[in-house]
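Just below is one structure, and these are the notes that go with it.
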Amino acid sequence: EVYKWITFKPQGAGDAQAVTTQWLVDEFAKRTGGKHEIEVFWGGSVAKTREIPDALAAGVGDFGDIITPYFPDAMPMNNAVGFFIPQPMGTLEVGQFLEKLHETYPQFKDELASQNLYAFGFRPLESYGLLCTKPVNTVKDLEGLRIRSYGFAYPKLIEALGATPVSIATSEAYEALQRSIIDCTPIGPALARGWKYDEVAKYYIDIPLGASFGHLLAMNLDSYNGMDDETKAIVDQLGKDYLVEYARVLDEDRARVGELWKGDLGVEVIEFPQDELLAVIDDAGIQAVRQEWIDKANAAGLPADEIVSNLKF
Amino acid sequence: MSSLSIGMLGVVALFATILLGVNVMVALGLVGAFGLASLVGFKAATAILGTVFFDTTHSFHFSVIPLFLLMGFFAMRAGLGEDLFEATTKWLGNLRGGLAISTTLGAAAFGAASGSSVGTATVFTKLALPQMLDRGYDKSLASASIAIAGTLAVMIPPSALVVVYGILTDSSIGSLLIAGFIPGIVFSIVLCIAIWLTVFRNPKLAPLQHQHFTLREKLASLRLAGPLVLVIMVIVAGLYLGIFTPTEAGAIGAAFTFLLAIIRHRGLKGVELKKTLLETIRTSAMIFAILICALLFSKFLALSGVANAVGGYLTGLEVNRWVIVVLVSLIYLALGMMMDAPALLAITLPITHPVMMSLGFDPIWFGIFVVLLVEIGAVTPPVGINCFVVQAASEGRVRLEQIFRGLVPFVLAGFAMLILLCLFPQIALFLPETMK
Amino acid sequence: MKNLERLRASYGVVLTQCGLLAGILTFAVMCLVVANALLRFIFNEPIAGTLELTESALPLMIFLSLALTQLKGEHIKVVLLTQHFPAPLQRFVKVIAMLLGALLFAWAAYAGWNMAMKSFAIGELERGSIRFPIWPVKFAVFFGLALLAIQFLLDAIYCAMGGKLAGDEAGEAQ
Ligand code: NA
Ligand code: NA
């Protein structure tokens, strides 16, 4: 059988996400002995980022990747990590954390199953810091800086750090950095290179914001249930192996970008004192964002405190 | 039936329904939706119908389209086009074909304030067509020169269509907008040459008018171009100083031309705000309806495998990459006859952009190249939106066939411009590379 | 026929009101974006939520004016072939075309209703520097699509009974 994979990612992107998606597709054909294969519909040609969950659930495709932070209300439990910025885990740990949550608490699978979806793998983002157009050594230096904000957690964090949150669309961030409309944007090295922001912002502030989650490697639940047990097992194992492969490629990418930064691109990496970041976590705004998730988790019958303990420094 | 043949059938159905007079958006949307239903089922097609309308329009980027249109309408109310036209006729009025040439140059300058090809064609039909016809210009030459001059507004920044390209391909919108500047100017010169050659071959098309202006009058007329120069300076300076982003430029331009319109009419009354706003939202609705329905069709085309097949065919060809450029151009010209520019971009870019990138072409260069291609499509029959607009705004002075007939030299000029872009890609790339 | 014309006219009044609302929104967005840029540049104080509000205003601007544009006959069509048809055939083709429009947008409205209800059920929020419920915008999309479907249906009936639609004159197809 030929399964359809609908993704927002352009094939030509050449980043860890695109490269490992192709790896997964090849591996699936290999492990099923050529009995099954996946055809990928790249670049949002069939469904754009915000359309993917609905399209996947209705059977437009069998596989797809869901950018979880876009759907905090539709899938609040699976957005756990996104409500906790900063948090101490890196890419691989966040992926394994999500795997464990799905194995331990049925609420995580149920939330997706109620939307006719099934997650067989997890793709966290890289660890984020701040890319700035000027050096930032302490929290004092952040005072009054304009930092790009998006989503539901960053605005409060940026305010707590004494900076001004500025909402700028991803594709405009380059010009915004270049023309000092913003001074900083939260991002990781690989992504900064991908968007070429490092051409115009030359200071990477290594402030441990943590690796955000990320993308669900999801299936249409009916398509999954329609597979024989052997194929199901292959898919599930592939999801686990994917995380390892993805983290490996991402690390390579980050190392490569690090070299480029030391060389021609001339981006200076500045260590930010971790205790100064941790000092603001008790800020009321940040805590309110976290409490929103805790309340929802408790309402869903989850031991929120136990889960949240993993997200504390 | 295989997916691929369903896809082919869909293409045929699309052409048939459009030719039978079904609204282009309905044809695209209906064939797209039924096509999807036949590929993946009714439920899945309904899910896509449920998301595509909201998700396409729930976008900060796309907000520039109504705002650029608003700016164009305010510029019209502020009389920017009228003033400019008056200034250029004083300088070029005595040249054979001078009125058509000054229309072209006026539209190019106006294009620096307007992002809409349709809007500019509307403005200059109102301003220039009566004057040209009164002075005995051939109807075909007069109307066609306006229809093609509208496309300059899309080449020269700001430009809603270039923004569409940037969004659809994830390219830098800032670079794209800057990149269009020199090609826009070069293309306006090429168009002037085309006019000059046309009237040189057949002088009867544009009778000479003996009307003398003193140098003093000529110099005084330059003052009239002042407001437009001001609009351009405000936008360029604002972008450069980091006061606003390219997306925000639409709002800034609209607000500024609104102020100019108020100053011109000494108050709000003459601005006809209500009428202007209604015109803006109707044109926006028309553009978005086409854009979204074209997306529906393009999803169907992608899922059927036709898109992948064409893309795979193009990338698989073991030929010189310029042969592929010619093939891609032919595809655009063929589809451009049938389709509207934003729709055409939305449908084809997922196929052609990766192909061109894999052949090593620059995304900014391809953006300008492809925008010129689809803008040529905006004047070619049977779906030549600029020609429709000129015809509608002419209040019965010209017929659609007359406009189409006059377009031959200008479409040839478009081809010449395409060749120039291929021979000298720096025309498009010089400015963005220098700005970096 | 008289009744139908009256119905069409009063429906047109509703559509014009919707269009005006869309126009006012466009103007408001213009003011908001300008104010945000200036305040950000001069006082380092951007207006929180400009991006989110603009983003959510656009669907309202578009879908409140979709049906009005059809009423005015401004959605693009091609009449190059059909204008040479004999009059009865021309009318027949036109009625079919309008019915197809009604079918597509009725289907889209149904789908839009499902999505809006789903959004309402989970209390979906637009989240950024400010937050507000997004489901009303989704209902507005449904509303605009439904208005357009109805306009197409009215046009189909009107045309079948011999009425002349806007944008049909002299082969123009703006
Ligand atoms: Na322009
Ligand atoms: Na055309």
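Checking the conditions here, which among A:245, A:276, A:306 is surrounded by fewer than 18 Cβ atoms within 10 Å (Cβ to Cβ), under 20 Å from residue A:100 (Cα atoms) and touching a Ser or Thr at 6+ places or on another chain (Cβ under 8 Å)?
Answer to the selection: A:245.
Take the stretch A:6-37 and flag every residue that is buried (at least 20 other Cβ atoms within 10 Å of the Cβ) and of a type in the set (Val, Ile, Thr).
Result: A:6, A:7, A:20, A:21.
Which of the residues spanning the stretch A:59-71 are open to solvent by 10 Å² or more (accessible area, probe 1.4 Å) and not β-branched (Val, Ile, Thr)?
A:59, A:62, A:69, A:70, A:71
From B:70, B:36, B:9, grab the single residue that is of a type outside the set (Val, Ile, Thr), open to solvent by less than 20 Å² (accessible area, probe 1.4 Å) and more than 16 Å from ligand 1 (Cβ to nearest atom).
Going through B:70, B:36, B:9 in turn, the sole match is B:36.
Scan the stretch C:33-49 for residues that are within 7 Å of another protein chain (Cβ to nearest Cβ), surrounded by 21 or more Cβ atoms within 10 Å (Cβ to Cβ) and not aliphatic (A, V, I, L, M) and report the count.
Of the residues in that region, 2 qualify.
What is the number of the single condition among (1) in contact with a Ser or Thr (Cβ under 6 Å, 6 or more places away or on another chain); (2) more than 16 Å from ligand 2 (Cβ to nearest atom) that residue B:178 does not meet?
Every condition holds for residue B:178 apart from (1).
Test residue C:73 against the stated conditions and say whether it is surrounded by 17 or more Cβ atoms within 10 Å (Cβ to Cβ), within 30 Å of residue B:390 (Cα to Cα), more than 7 Å from chain B (Cβ to nearest Cβ) and at pLDDT below 95.
For residue C:73, the condition - surrounded by 17 or more Cβ atoms within 10 Å (Cβ to Cβ), within 30 Å of residue B:390 (Cα to Cα), more than 7 Å from chain B (Cβ to nearest Cβ) and at pLDDT below 95 - is met.
Just for the stretch A:144-168: of the residues that are of a type in the set (Ser, Thr, Tyr) and closer than 19 Å to residue A:70 by Cα, which one is most open to solvent (accessible area, probe 1.4 Å)?
A:150
Against the definition (within 13 Å of chain A (Cβ to nearest Cβ) and away from ligand 1 (no atom under 16 Å from the Cβ)), how does residue B:354 come out, yes or no?
When the stated conditions are applied, residue B:354 passes them.
Go through the stretch B:216-308 and tell me which helices (runs of 4 or more DSSP H), entirely inside it, have 2 or more residues that are in contact with a Ser or Thr (Cβ under 7 Å, 6 or more places away or on another chain) and touching a residue at least 60 places away in the same chain (Cβ under 8 Å).
It comes to B:273-304.
Among the numbered conditions (1) of a type in the set (Gly, Ala, Ser); (2) more than 16 Å from ligand 1 (Cβ to nearest atom); (3) open to solvent by less than 10 Å² (accessible area, probe 1.4 Å); (4) farther than 17 Å from residue B:414 by Cα, tell me where residue B:136 comes up short.
(3)
Could you pull out the residue among B:151, B:89 that is within 16 Å of ligand 2 (Cβ to nearest atom) and either more than 21 Å from residue B:375 (Cβ to Cβ) or at pLDDT 85 or above (or both)?
Result of the check over B:151, B:89: B:151.
Output the helices (runs of 4 or more DSSP H) that fall wholly within the stretch A:145-207 and possess 3 or more residues being in contact (Cβ under 8 Å) with a residue 12 or more places away in the chain and over 17 Å from the mean Cα position of the chain (by Cα), or say none.
Fully inside the stretch A:145-207 and qualifying: A:154-160, A:173-178.
I need the full set of residues from the stretch B:222-248 which are among the hydrophobic types (A, V, I, L, M, F, W, C), open to solvent by less than 40 Å² (accessible area, probe 1.4 Å) and at pLDDT 80 or above, in order please.
B:231, B:235, B:243, B:244, listed by residue number.
Would you check if there is a residue in the stretch A:91-102 being of a type in the set (D, E, K, R), closer than 27 Å to residue A:6 by Cα and free of Cβ contacts under 8 Å to residues at least 12 places away in the same chain?
Checked against the condition, which is being of a type in the set (D, E, K, R), closer than 27 Å to residue A:6 by Cα and free of Cβ contacts under 8 Å to residues at least 12 places away in the same chain, the stretch A:91-102 yields at least one hit.
Checking residue B:118 against (1) open to solvent by less than 20 Å² (accessible area, probe 1.4 Å); (2) within 16 Å of ligand 1 (Cβ to nearest atom); (3) within 14 Å of another protein chain (Cβ to nearest Cβ), which single condition isn't satisfied?
(1)
Residue by residue through the stretch B:377-405, note down the ones that are open to solvent by less than 10 Å² (accessible area, probe 1.4 Å), within 15 Å of ligand 2 (Cβ to nearest atom) and not hydrophobic (A, V, I, L, M, F, W, C).
Passing the criteria: B:377, B:384, B:386.
Could you check residue A:86 against (1) on the phi > 0 side of the Ramachandran plot; (2) of a type outside the set (A, V, I, L, M); (3) crowded, with 18+ Cβ neighbours inside 10 Å and say which number it fails?
(1)
Go through the stretch B:53-84 residue by residue and tally those that are closer than 21 Å to residue C:140 by Cα, at pLDDT below 95, over 18 Å from the mean Cα position of the chain (by Cα) and part of a helix (DSSP H, G or I).
The total comes to 3.
Could you identify the single residue in C:105, C:92 that is more than 9 Å from chain B (Cβ to nearest Cβ) and either more than 22 Å from residue C:27 (Cβ to Cβ) or surrounded by fewer than 17 Cβ atoms within 10 Å (Cβ to Cβ) (or both)?
Every option except C:92 fails the conditions.
Could you list all residues from the stretch A:38-79 that are facing chain B (nearest Cβ under 8 Å) and in a helix (DSSP H, G or I)?
A:50, A:51, A:54, A:55, A:57
In the list B:295, B:345, B:314, B:359, which residue meets the criterion of being in contact with a helix residue (DSSP H, G or I) (Cβ under 6 Å, 6 or more places away or on another chain) and within 14 Å of chain C (Cβ to nearest Cβ)?
Only one candidate passes the filter, namely B:295.
Just to be sure, is residue B:145 buried (at least 16 other Cβ atoms within 10 Å of the Cβ), away from ligand 1 (no atom under 16 Å from the Cβ), touching a residue at least 24 places away in the same chain (Cβ under 8 Å) and assigned to a loop (DSSP other than H, G, I, E, B)?
no
What do you reckon, is residue B:363 away from ligand 2 (no atom under 14 Å from the Cβ), modelled with pLDDT under 90, of a type outside the set (A, V, I, L, M) and at negative phi?
So residue B:363 fails the test.
Could you list, in sequence order, all residues of the stretch B:162-215 that are at pLDDT 90 or above and within 30 Å of residue A:168 (Cβ to Cβ)?
Within the stretch B:162-215, B:179, B:180, B:181, B:182, B:183, B:184 qualify.
Please work out which one of (1) more than 14 Å from chain C (Cβ to nearest Cβ); (2) open to solvent by 10 Å² or more (accessible area, probe 1.4 Å); (3) touching a residue at least 60 places away in the same chain (Cβ under 8 Å) is the condition residue B:331 fails and give its number.
(3)
Could you tell me whether residue B:374 is open to solvent by less than 20 Å² (accessible area, probe 1.4 Å), within 16 Å of ligand 1 (Cβ to nearest atom) and in a helix (DSSP H, G or I)?
yes
Residue under question is residue C:63, and the condition is that it be within 9 Å of chain B (Cβ to nearest Cβ), surrounded by 16 or more Cβ atoms within 10 Å (Cβ to Cβ), touching a residue at least 12 places away in the same chain (Cβ under 8 Å) and aromatic (Phe, Trp, Tyr); does it hold?
Spelling it out, residue C:63 is indeed within 9 Å of chain B (Cβ to nearest Cβ), surrounded by 16 or more Cβ atoms within 10 Å (Cβ to Cβ), touching a residue at least 12 places away in the same chain (Cβ under 8 Å) and aromatic (Phe, Trp, Tyr).
The values are calculated or read from the model by the stated rules, or taken from the named source; none is laboratory data. In this text the structure is predicted, and so the values were computed from the model without any measurement. Positions of Cβ are backbone-derived with ideal geometry, glycine not excepted, and every protein chain shown enters the neighbour counts. Accessible surface areas use protein heavy atoms only, side chains included; no ligands, DNA or RNA. Shrake-Rupley method; radii C 1.70, N 1.55, O 1.52, S 1.80 Å.
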